[in-house]
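Quick notes on the structure that follows.
The values are calculated or read from the model by the stated rules, or taken from the named source; none is laboratory data. Bear in mind the structure is a predicted one, so any value in this text is a computation, not a measurement. Positions of Cβ are generated from backbone atoms using ideal geometry, with glycine treated the same way; all protein chains shown enter the neighbour counts. Just the protein is used for accessible areas: all its heavy atoms, side chains included, with ligands, DNA and RNA removed. Shrake-Rupley method; radii C 1.70, N 1.55, O 1.52, S 1.80 Å.
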Amino acid sequence: MKWDSRAEISDFGFGISDWATCHADARSPNPKSEMRNARWFLGLLCLLWLLSTPALAQQRPLVTEDPRTIATGAFVTEAGFGYFRRARFPLSELGGDQFSVLANGLNFGLGPRAEFQINGVMQNFLRVRENGSGWRNDWGDLSLSTKIKSVDETPVLPVVSYRPAVVLPTTDDARGLGTNSMQFFGNILAGKNLGPSFVYGNIGLGILTDAVQVRAQQDVLTYGIAAVIPLSPRISLLSEWNGLDNPQNHPTPGGEDRAQIRLGVQIRAGGVRWDVGAMAGLTHLDPRMGVIFGLTKEFRLWK
């Protein structure tokens, strides 16, 4: 597959007619069922909006996980959208402009030291660049994780948490937008307040089911470092460097090194924390650039 290195500014946008035809070209096995599921989820999101109160600290639009847990009985909802230019899928050898619709997170505060998380993407759309072959779409994988705080922050010690996570494959091989394989991650999270700013990082191991070889796996190192810098009581600036490193010289497709940097802003207004960010890929397989935006809300299940 050949990649055009001449990036045109017009590639960033897409016409209304292109968006209107993406469902027709996506080849969904049951479009009515997918539309019904989407309406149900949007209805749930609206209900949570009406019942919510201001949100606690979480890290959107960053990927690096905040080691702090939400309050006991809190239910934090996150919803976002993203555009990623020149995204690549090595297993299917597809590439193009990716649009992530409703990248959602549900976070439950189980106690003073435990938080349960569900994360996933309602739909990923890919405008395939190769030979003008139109659009593809698919569900994103579903992630289940638990964040357990083991050390409270003190004037000397950082806050330290542990986060095991399992990624369940919900993608379809025929659509080429995922590896359709099980993944497990275990990460140590640590963070410290430095004046008004909060600096934190993640490091851990991942076990990825090999998407090519039978009864094989890819063992990887995951890492991330991030900072949150308040500019005012309502506005914060965020930045991160996040990635995955595979020690193998020639990993199979789906287990290659990945890395990216992100810069974002959080704005608290109207009882909602809005966020917007930009990313840039640091490897040849990461998107060249991207834009992310979304919101975070919280309400209390119990106190």
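Summed over region 142-159, the residues that are over 18 Å from Thr64 (Cα atoms) and part of a loop (DSSP other than H, G, I, E, B) give a count of 6.
Pairs meeting the criteria (first residue in region 202-215 and touching a residue at least 12 places away in the same chain (Cβ under 8 Å), second residue of a type in the set (Gly, Ala, Ser), beta carbons under 6 Å, at least 6 apart or on different chains) are Asn202/Gly224; Gly204/Gly186; Leu205/Gly186; Leu208/Gly255; Thr209/Ser181; Asp210/Ala216; Ala211/Ser181; Ala211/Gly254. Being among the basic types (Lys, Arg), over 21 Å from Val121 (Cα atoms) and in a strand (DSSP E or B) is not true of Arg262.
Can you find even one residue in region 113-130 that is touching a strand residue (DSSP E or B) at 6+ places or on another chain (Cβ under 7 Å), open to solvent by less than 50 Å² (accessible area, probe 1.4 Å) and not in a strand (DSSP E or B)? There is no residue in region 113-130 that is touching a strand residue (DSSP E or B) at 6+ places or on another chain (Cβ under 7 Å), open to solvent by less than 50 Å² (accessible area, probe 1.4 Å) and not in a strand (DSSP E or B).
I'd like to check something: does region 237-259 contain any residue that is in a loop (DSSP other than H, G, I, E, B) and of a type in the set (A, V, I, L, M)?
Scanning region 237-259 turns up no residue that is in a loop (DSSP other than H, G, I, E, B) and of a type in the set (A, V, I, L, M).
Filter region 76-100 down to residues that are free of Cβ contacts under 8 Å to residues at least 60 places away in the same chain, out of contact with any Phe, Trp or Tyr (no Cβ under 6 Å at 6 or more places or on another chain) and not hydroxyl-bearing (Ser, Thr, Tyr), then give me how many there are. Matching residues across region 76-100 total 1. Count of region 240-285 residues, restricted to those that are among the acidic types (Asp, Glu) and without any contact (Cβ under 8 Å) to a residue 60 or more places away in the chain, is 2. Checking each residue in region 162-185 for being out of contact with any strand residue (DSSP E or B) (no Cβ under 7 Å at 6 or more places or on another chain), open to solvent by 40 Å² or more (accessible area, probe 1.4 Å) and at pLDDT below 90 picks out Asp173, Ala174, Asn180.
Taking the criterion of being of a type in the set (A, V, I, L, M) and open to solvent by 40 Å² or more (accessible area, probe 1.4 Å), the residues of region 191-210 that qualify are Leu194, Val199, Ile203, Leu205, Ile207. Among the residues making up region 245-255, those that are surrounded by fewer than 20 Cβ atoms within 10 Å (Cβ to Cβ) and under 18 Å from Gly204 (Cα atoms) are Asp245, Asn246, Pro247, Gln248. Residue count for region 278-299, restricted to those that are among the hydrophobic types (A, V, I, L, M, F, W, C), under 22 Å from Arg129 (Cβ atoms) and surrounded by fewer than 19 Cβ atoms within 10 Å (Cβ to Cβ): 6.
Candidates in region 264-277 are the residues that are in contact with a Pro (Cβ under 9 Å, 6 or more places away or on another chain) and of a type in the set (A, V, I, L, M, F, W, C); of these, the one that is least open to solvent (accessible area, probe 1.4 Å) is Val272. Based on what the data block shows, is Gly191 more than 20 Å from Thr154 (Cα to Cα), at pLDDT 95 or above and either part of a strand (DSSP E or B) or in contact with a Cys (Cβ under 8 Å, 6 or more places away or on another chain) (or both)? For Gly191, the condition - more than 20 Å from Thr154 (Cα to Cα), at pLDDT 95 or above and either part of a strand (DSSP E or B) or in contact with a Cys (Cβ under 8 Å, 6 or more places away or on another chain) (or both) - is not met.
On the given criteria, is Val159 crowded, with 19+ Cβ neighbours inside 10 Å and over 21 Å from the mean Cα position of the chain (by Cα)?
Details: crowded, with 19+ Cβ neighbours inside 10 Å: yes; over 21 Å from the mean Cα position of the chain (by Cα): yes.
In short, yes.
Say whether the condition of being in contact with a helix residue (DSSP H, G or I) (Cβ under 6 Å, 6 or more places away or on another chain), under 27 Å from Leu208 (Cα atoms) and at pLDDT 95 or above is met by at least one residue in region 130-143. Within region 130-143 (the criterion being in contact with a helix residue (DSSP H, G or I) (Cβ under 6 Å, 6 or more places away or on another chain), under 27 Å from Leu208 (Cα atoms) and at pLDDT 95 or above), the answer is no, since none of the residues qualifies.
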